[in-house]
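Working notes for the structure below.
Rule-based calculations on the coordinates, nothing more; no lab input. Note that this is a predicted model, so its numbers are computed, not measured. Positions of Cβ are generated from backbone atoms using ideal geometry, with glycine treated the same way; all protein chains shown enter the neighbour counts.
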Amino acid sequence: MQTTKYLYEICKNKKCGALALIDPDTKNDLILTDLIDNINKSSFDAILVGGSLINDDNFDKRMKLIKSLTELPVIIFPGSSKQISSDANALLFLSLLSGRNPRYLIGEHVESAPIIYSLNLETIPTGYILLDGGSKTSVEIVSNTLPLPMDRVDIILAHALAGQYLGNKFIFLECGSGSLNHVSTEIISKLSSKLSIPIIVGGGIDNPQSAKLISDAGADFIVVGTYIENGASIKELSSITDSLNV
Ligand code: 1GP
């Protein structure tokens, strides 16, 4: 099954799905094996792989390893056009809509398109909106763009609607890895009442209470990264994924 279709099926059948995020550059292979094992046993629906600062050799090598360790779909969440691998099931084709840096609106896309074509890799067009989660994140620094303030729901909604009208299949609301605050429930419920495409919410989600609030507000997927990488147990991770659908 195509990965986009698989994700849309989850939106139809679950209140909220769960995506695990692995940054493949910052750890050795032994830790990576343990992390994937925890993810496999904690009811996640897919694994995102990517990061803002990854060197190319490691990316390909670690993608292969991750793919060999899981039955879950593995989706590239690219920090740049260099992060492409034929081992992935699909790639989020991200447009950084909250910024005005042409490199992340079209530049990286043009550079990666011929490679994606030659690998016959499935792309998932995704409008990516960076929000101010209270700490300066790698995405903000590396992309040289400013996050949108979380109290400007009208502006955030305008960006999300523009993303939908441009043909994106998902809107990804991002507070950044390890952010102090996760996306507010006010933003999620406003956007979910206006958009007709699913919403992915990531950044700073590290407990079942927050995950449930985000799910109740109308998110279609949450993303958990730092909590997994900090060594959360299967029990702790399952308490998050379980809380999404009650
Ligand atoms: C970052 O949204 C993801 O791009 C996940 O954030 O690492 O804070 O879980 P965390």
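Summing Lys, Arg as +1 and Asp, Glu as -1, what charge do residues with Cβ under 15 Å from the Cβ of Asp220 carry, Asp220 excluded?
Values: positive: Lys5, Lys12, Lys14, Lys15, Lys169, Lys190, Lys194, Lys212; negative: Glu9, Asp45, Glu174, Asp216.
Cβ neighbours under 15 Å give a net charge of +4.
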Backbone HN-Hα couplings from phi across region 170-183 [Karplus 6.51/-1.76/1.60, Hz, Gly and Pro as x]: 9, 10, 10, 8, 10, 9, x, 4, x, 5, 5, 10, 8, 4
Most mobile listed residue (Val153, Val223, Val74) in the chain, GNM with C-alpha springs under 10 Å: Val153
Among Ile10, Gly225, Ile115 the positive-end extreme of the charge dipole of the chain (Cβ point charges): Ile10
Centroid-to-centroid separation of region 201-230 and region 26-45 [C-alpha atoms, Å]: 17
Mean ellipticity per residue at 222 nm, deg cm²/dmol - from DSSP H runs of n ≥ 4 across the chain, formula -39500 (n - 2.57): -12500 deg cm²/dmol
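Largest first and in whole Å, what are the equivalent-ellipsoid semi-axes of region 105-181 based on the Cα gyration tensor, each being the root of 5 times an eigenvalue?
25, 16, 10
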Sites Leu119 and Thr33, calculated FRET efficiency, Cβ-Cβ separation with R0 35 Å, nearest 0.05: 0.85
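Grab the other residues whose beta carbon is less than 15 angstrom from that of Leu148, score K and R as +1, D and E as -1, and report the net.
-2
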Whether region 198-246 is rounded, prolate or oblate, judged on the alpha carbon gyration tensor where a/c under 1.5 counts as rounded: oblate
Global geometry of region 137-246, whether rounded, prolate or oblate, following the gyration tensor of its Cα atoms and the 1.5 cut on a/c: oblate
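Can you classify region 1-107 as rounded, prolate or oblate using the Cα gyration tensor, where a ≥ b ≥ c are the square roots of its eigenvalues, rounded means a/c under 1.5, and otherwise it's prolate if a/b beats b/c and oblate if not?
Oblate.
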